1. Going by what's in this entry, would ALA607 be described as open to solvent by less than 20 Å² (accessible area, probe 1.4 Å), under 24 Å from MET125 (Cα atoms) and in contact with a helix residue (DSSP H, G or I) (Cβ under 9 Å, 6 or more places away or on another chain)?
2. Residue by residue through the range 169-200, note down the ones that are part of a strand (DSSP E or B), open to solvent by less than 20 Å² (accessible area, probe 1.4 Å) and not β-branched (Val, Ile, Thr).
3. Only one of these conditions is not met by PRO492: (1) open to solvent by less than 30 Å² (accessible area, probe 1.4 Å); (2) of a type outside the set (Lys, Arg); (3) over 30 Å from ASN427 (Cβ atoms). Which number is it?
4. Can you tell me which residues in the range 274-314 are open to solvent by less than 50 Å² (accessible area, probe 1.4 Å) and among the hydrophobic types (A, V, I, L, M, F, W, C)?
5. Does ARG465 meet the test of being at pLDDT 95 or above, closer than 24 Å to SER370 by Cβ, touching a Gly at 6+ places or on another chain (Cβ under 8 Å) and open to solvent by 50 Å² or more (accessible area, probe 1.4 Å)?
6. Against the definition (more than 30 Å from PHE537 (Cβ to Cβ), out of contact with any Ser or Thr (no Cβ under 9 Å at 6 or more places or on another chain) and either basic (Lys, Arg) or modelled with pLDDT of 95 or more (or both)), how does ALA470 come out, yes or no?
7. Residue by residue through the range 389-421, note down the ones that are open to solvent by 20 Å² or more (accessible area, probe 1.4 Å) and under 30 Å from ALA521 (Cβ atoms).
8. Could you give me the residue pairs with C-beta distances under 7 Å whose first residue belongs to the range 592-607 and is more than 11 Å from LEU547 (Cα to Cα), whose second residue is among the β-branched types (Val, Ile, Thr) and open to solvent by 20 Å² or more (accessible area, probe 1.4 Å) wherever it lies, and which are 6+ apart or on separate chains?
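The values are calculated or read from the model by the stated rules, or taken from the named source; none is laboratory data. Since the structure is predicted, the reported quantities are computational estimates derived from the model, not experimental observations. Positions of Cβ are generated from backbone atoms using ideal geometry, with glycine treated the same way; all protein chains shown enter the neighbour counts. These area figures cover heavy atoms from the full protein model, side chains too; ligands, DNA and RNA do not enter into them. Shrake-Rupley method; radii C 1.70, N 1.55, O 1.52, S 1.80 Å.
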Amino acid sequence: MTETPISRTIRRLFAGGGAIGLAILALPAPAQEAAPKPVPRVEITGSNIRRSEAETASSVITVNRADIERSGKATVAELLQTLAVDNQGSVPTTFGNGFAAGASGISLRGLGAASTLVLLNGRRMAPYGLADDGQKQFADLNVIPTDAVERVEVQKDGASAIYGSDAIAGVVNIILRRDFQGNTVRFSRGASNDWDGKRTNVAFTKGVGSLDADRYNVLFSLEYKKFDEIWYRDRSDRDWIGRNDLRPWGYSADQALGGTGAILPGTGTAGSAINGNVRNPADPTNYYNRGNPAGPGFTRTFPGAACSNFTSHPQGDPGGGCLIDASQVYNQIEPKQENLSFFLRGSYQLDPAVLLYSEFNWYTSQTDSSTTPSTVSASVGFPGGPVNNAIAQLGAAHPDNPYFGTAARLRYLAADVGPRVSNIDSNFLRWLGGAKGSNFGWDWDSSLLFSRNHVTNTQNGYLQRDVAFALLDPSAANVTAALRNPAYAALPPGTLWRIGENANLNSPALYAALSPTIANAARTEVGQVDFKATREFSGIPWLAGNLGLAAGTEFRHEMTELMPTSGTERGNIIGLGYSAYSGARNVFALYGEGLAPLPFNVEASAALRYDHFTDVGSSWTPKFGLKWTPVRAFALRGTFARFEFVQPRGQR
């Protein structure tokens, strides 16, 4: 029986005493009492069965619109990453120098962003084009227009039996406003306590039409965000945060924590110094700094290479290196980011039983991140094998070689080239069209979806190995290898890369050949068609209520591709290894679910899903749940699920 607010009030008044009840009965009867409305049944994240009870056997956290506004967070990603459910393995927007810079992902239960399924209005979207750690793809939360969000539901346990094997850690379902009428205009401008990292957010959302009165609703949302960068060098009062020189806290160069440019005597090891550390050809176990006025075996000295001409950073390296804190000088706490998102949703009530709907989401962003300059000696790998760049050296006749007359290995931080900078452009789109309704006692929903993400990463500040080696040591072999580079071939014969204090002698053409702009691109696509239905069956013996059943099927095509950064396919970019993949597959799924209310306020649920992947085979995923509610304010619940395998994301 459905209880309305009016009947609930009358029941409570009768329960309070017979006199009050009699007094109410004596009042004149209203002309006509409206027929009670049934309690609406809704679909909760983690179940395909529509129900009136919001709590299921699986734990679901709901963050509503009011919570979002009170949080003051500018993005959905920032909001979710402040929740206790977010754990290690998440990808913050501030991770500007990672594999997946420019995006943000959530990790539930510490299982990683790739194992956490993110849905938009209950359905998938294409993952970010650049994979975290080069292999783990995840959905970029930044594509969600914050102002259009109605609520966020987070299922904290595995949901592979409902949604597929990429929901092992749980599900985040971002639900946007529906049947919204009116206009909202939002503007916010903020800054950090140090008055940097300024943030601008402008949003406009409009909703027209009522499904009940007009049989249609259209929601339009446009949102612009701009976040300025924050540098570690502007946070020098934060103790060890963002530093690699940890000597004030008891560490040393022996632990690789004494600053960039340190030398370890007698080990044949040295860091890359801003003015250059050079190995003694007569004593391969020792490096000496070029600014050392009395370097053992030096055939010439360089007063201009004195460390004090390059940095005011505290010195004192026992090995005589010239120290700087490169991370503090060049790295960012937060990269610069600018993005624009657009969302459009239309709904039309075709007849009392059928609703048509369509969604379109478009997002574009640009992220600019910076990190330390390249060294000349960082080794890399590529399909042909490892590339040893530790052999980089100053030629015997190089004018900046303190061992002039003999080639000497070099450890140099190429500050004259500048920091390594990445400019990442991401373009995302998602279209969904579908229909849902009620026929023959079943509530059904079917849709067609296409989503795509395309990312380009343009990079500057990386060194071409063949050119760098030839400009430092113009041996016949090095020059022959570098002549394949047209920019190097156009340089005057005998051109050398002058380092440290003499870098001002280098021409723009030399730097264009040494460190040209390089780029790569990535894209992902998801196409899906699905159908699901649910209904209740009454009169089942031994049950305390109606039995709920749901069943569905889906077919999905997934594609992912990462093109290698130009030059890495032959190991020619110092400090940047080869990374590329390409793959596509089809996924077919059948699933079912049951919900049974048992005596003594116990609710039992079960789900089973079959997935077939054209690249890795098939799997069956079951899940069982129990919930006991002895009183309305207290419940005990638990679930059990079994996973046969973790599906890869299509890489080959």
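1. Spelling it out, ALA607 is indeed open to solvent by less than 20 Å² (accessible area, probe 1.4 Å), under 24 Å from MET125 (Cα atoms) and in contact with a helix residue (DSSP H, G or I) (Cβ under 9 Å, 6 or more places away or on another chain).
2. Across the range 169-200, the qualifying residues are GLY170, ASN173, LEU176.
3. Every listed condition holds for PRO492 apart from (1).
4. ILE274, VAL278, PHE298, PHE302, ALA305, ALA306, CYS307
5. Here the answer is yes, as ARG465 does meet what is asked.
6. Working: more than 30 Å from PHE537 (Cβ to Cβ): yes; out of contact with any Ser or Thr (no Cβ under 9 Å at 6 or more places or on another chain): no; either basic (Lys, Arg) or modelled with pLDDT of 95 or more (or both): yes.
No, not satisfied.
7. ALA415, ASP416, VAL417, PRO419, ARG420, VAL421
8. Sorted first by the residue in the range 592-607, then by its partner, the pairs are ASN601/THR629.
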